[in-house]
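Let me begin by presenting the structure, written as structure tokens, before commenting on it.
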Amino acid sequence: DISNYTVLVRNVPTTLRSSDGDNMLFHFFKEFYRDQVIGAHIIPNLAYLEEAMEQRNYNLKKLGYYVELNNKNGKRAMIMLGSRMLCLRREKVDAVNHYKKKIQEIDSIIPKLKTIGFKENTGVAFITFSSKEIQQFVLRNFNSKIK
């Protein structure tokens, strides 16, 4: 199983973390281990994307609830927006339209968040080698240099 020959590498230098980081990292390891390197993959930072997806799922649930409520009652459900503390800025809006708009806003930023996640990656990568022997050799070398 090829996954048995994969090593987790932390603190990947920023010079190897560009948007084409996988390729740069692959060639970096290839210089030292020649044909023994099968792949190199930097882990993207997708925290912002995960947060956006959670918000999207929350708004989808709300949208589903209000669509069902509208169908059940036969009239449009309204919600109050704005701060309860600052009563001056509160407004009543159509719930379905509001949640559709929120979902569209989130959908429009998701591609940008994916791009940011790959540019601002975690500095952690997986390097896959062609054999268990080379994988263990690399682990021994790195572990001895760390101590």
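The values are calculated or read from the model by the stated rules, or taken from the named source; none is laboratory data. Values in this document were obtained by computation on a predicted structure and should not be read as measured data. Note that we place each Cβ from the backbone using ideal geometry, even for glycine, and neighbour counts take in every protein chain shown. Just so you know, the surface numbers come from the protein's heavy atoms only, side chains and all, with ligands and any DNA or RNA stripped out. Shrake-Rupley method; radii C 1.70, N 1.55, O 1.52, S 1.80 Å.
Kindly provide the set of residues from the stretch 59-84 that are assigned to a helix (DSSP H, G or I) and surrounded by 14 or more Cβ atoms within 10 Å (Cβ to Cβ), ordered by number.
Hits for the stretch 59-84 are Asn59, Leu60, Lys62, Leu63, Tyr65, Tyr66, Val67, Leu69, Asn70.
Taking the stretch 16-56 as the region of interest, how many residues are exposed (fewer than 12 other Cβ atoms within 10 Å of the Cβ) and over 18 Å from Gly117 (Cα atoms)?
The qualifying residues number 4.
Give the number of residues within the stretch 101-117 that are touching a helix residue (DSSP H, G or I) at 6+ places or on another chain (Cβ under 8 Å) and open to solvent by 90 Å² or more (accessible area, probe 1.4 Å).
Residues meeting the conditions: 1.
Looking at the stretch 85-110, which of its residues are at pLDDT below 95, assigned to a helix (DSSP H, G or I) and of a type in the set (Lys, Arg)?
Arg89
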